[in-house]
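Participant: Before we start, here is the structure in question, set down as structure tokens.
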Amino acid sequence: MSDLGQLLRKARTEKNLSLDQLQETTKIRKRYLEAIEEGKYDILPGTFYVRAFIKQYSEAVGLEPDEVFRLYAHVIPSADPEPSTEPIRMARRSAVNPPERVGKWASALLMIAFPILIIGVVYYYLYSNWESRGNVLPNEPITDSSAAEQGTLPTEDVGTAEPEPEPEPEPAPVPEPPKPDVAFVEKFQYSSHQVERFTVKNADKVSLEIKVVGSEAWVGVTHADSKSKYLHQGGMKQGDVYTGEFDHPVYLNIGRANAVQLAVNGVPIDMGEEPNPRKFQFELVPIPAAASTSGAAE
């Protein structure tokens, strides 16, 4: 058995994990796990999988993968170029109405709109003539008697009327800030596992709250762009709570999903009923400059 295999086996036994349990946690076949412990890397499918399986093994038993690779660089074979895992996105086809159908709709719309337009023009013409007749002044000069009859003579002393105070304008209501929006986008392949990608809108930071509700769970938090240095890692027991705020994309690795309650910016994430490990990536969506400017002006 190699020194690396002894280190991994010791860490596994300290965690009280059998190879069958480790197989269920990492989804790596038992015979490959045994080959890693024995140092028989030629049994594995290729050098890329050797490094990927050792990384998952280390994470599952609480070891730092980067430190393991550094200490045993002379033993672990160098990785082949990783195959491209960029998801292929199919472009949506815009639905185009057949020209004949558009022509029928346009004809029907013109038949309805034309009579309405004629009625509107006639109504406007009659209404304008009626208003102009009512506003014509009589040619006769206005005398005192006629003004008195019409009630238009001014009184000798009417006094000065005090202006009514203008009502004070009501203060404009202060709009409430929009609530954070955490939405699932897609699943993509990273290394040998799938990562669930989420976006975080209406927020300037990614806020994590992780609470262990089962017996125990392993949690690792890294910068999503590098995934090389842990911001937090380790085993957590029932009742333990971890919180953190980040102004960059976050990569989250949870060893036992159904033992954890996860909330991102106050929005709960469904962790399912299975004890399988799950990987997440949470990305901030920048607030549009127009929206922030209007909010500051108000």
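The values are calculated or read from the model by the stated rules, or taken from the named source; none is laboratory data. The structure presented is a predicted model; accordingly, all values stated were derived computationally and were not measured. Counting neighbours? That spans all protein chains shown, and the Cβs are built from the backbone with ideal geometry, glycine included.
Participant: (1) part of a loop (DSSP other than H, G, I, E, B); (2) farther than 22 Å from ASP181 by Cβ: which one isn't true of ASN258, the others all being true?
Facilitator: The failed condition is (1).
Quick grid of which residues meet (1) modelled with pLDDT of 80 or more; (2) closer than 30 Å to PRO249 by Cα:
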{"position": "VAL158", "(1), (2)": "no, no"}
{"position": "ALA161", "(1), (2)": "no, no"}
{"position": "PRO165", "(1), (2)": "no, no"}
{"position": "GLU170", "(1), (2)": "yes, no"}
{"position": "PRO178", "(1), (2)": "yes, yes"}
{"position": "SER191", "(1), (2)": "yes, yes"}
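Participant: Can you pull out the strands (runs of 3 or more DSSP E) entirely within segment 195-254 that have at least 3 residues that are of a type in the set (A, V, I, L, M) and crowded, with 18+ Cβ neighbours inside 10 Å?
Facilitator: Passing ranges, in order: 206-212, 216-223, 250-254.
Participant: With the checklist (1) touching a Lys or Arg at 6+ places or on another chain (Cβ under 8 Å); (2) exposed (fewer than 14 other Cβ atoms within 10 Å of the Cβ); (3) of a type in the set (Asp, Glu) in hand, flag the one item GLU274 doesn't pass.
Facilitator: Condition not satisfied by GLU274: (1).
Residue by residue, here is whether (1) under 12 Å from SER191 (Cβ atoms); (2) without any contact (Cβ under 8 Å) to a residue 24 or more places away in the chain holds:
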| position | (1), (2) |
| --- | --- |
| LEU22 | no, no |
| ALA35 | no, yes |
| GLY39 | no, no |
| PRO45 | no, yes |
| ARG51 | yes, no |
| GLN56 | yes, no |
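Participant: Now for a separate question. Taking segment 13-39 as the region of interest, how many residues are closer than 22 Å to ASN253 by Cα and among the acidic types (Asp, Glu)?
Facilitator: Going through segment 13-39 one residue at a time, the tally reaches 3.
Participant: Right, here's the next one. Which condition from (1) assigned to a helix (DSSP H, G or I); (2) at pLDDT below 90 is the one that MET1 breaks?
Facilitator: (1)
Participant: Sticking with this one: How many residues does segment 33-47 hold that are more than 20 Å from GLU14 (Cα to Cα) and surrounded by 20 or more Cβ atoms within 10 Å (Cβ to Cβ)?
Facilitator: Of the residues in that region, 2 qualify.
For (1) surrounded by fewer than 20 Cβ atoms within 10 Å (Cβ to Cβ); (2) at negative phi; (3) in a helix (DSSP H, G or I); (4) out of contact with any helix residue (DSSP H, G or I) (no Cβ under 6 Å at 6 or more places or on another chain), each residue gets a yes or a no:
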| site | (1), (2), (3), (4) |
| --- | --- |
| GLN6 | yes, yes, yes, yes |
| ALA11 | yes, yes, yes, yes |
| TYR49 | yes, yes, yes, yes |
| LYS55 | yes, yes, yes, no |
| SER58 | no, yes, yes, no |
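Participant: If a residue has to be among the small types (Gly, Ala, Ser) and touching a helix residue (DSSP H, G or I) at 6+ places or on another chain (Cβ under 7 Å) to count, how many in segment 221-255 make the cut?
Facilitator: Final tally of qualifying residues: 2.
Participant: Can you pull out the residues in segment 170-187 that are surrounded by 14 or more Cβ atoms within 10 Å (Cβ to Cβ) and not in a loop (DSSP other than H, G, I, E, B)?
Facilitator: Scanning segment 170-187 gives a single hit, VAL182.
Participant: Residues being farther than 18 Å from ARG256 by Cα and acidic (Asp, Glu): count how many of those fall in segment 1-60.
Facilitator: The qualifying residues number 5.
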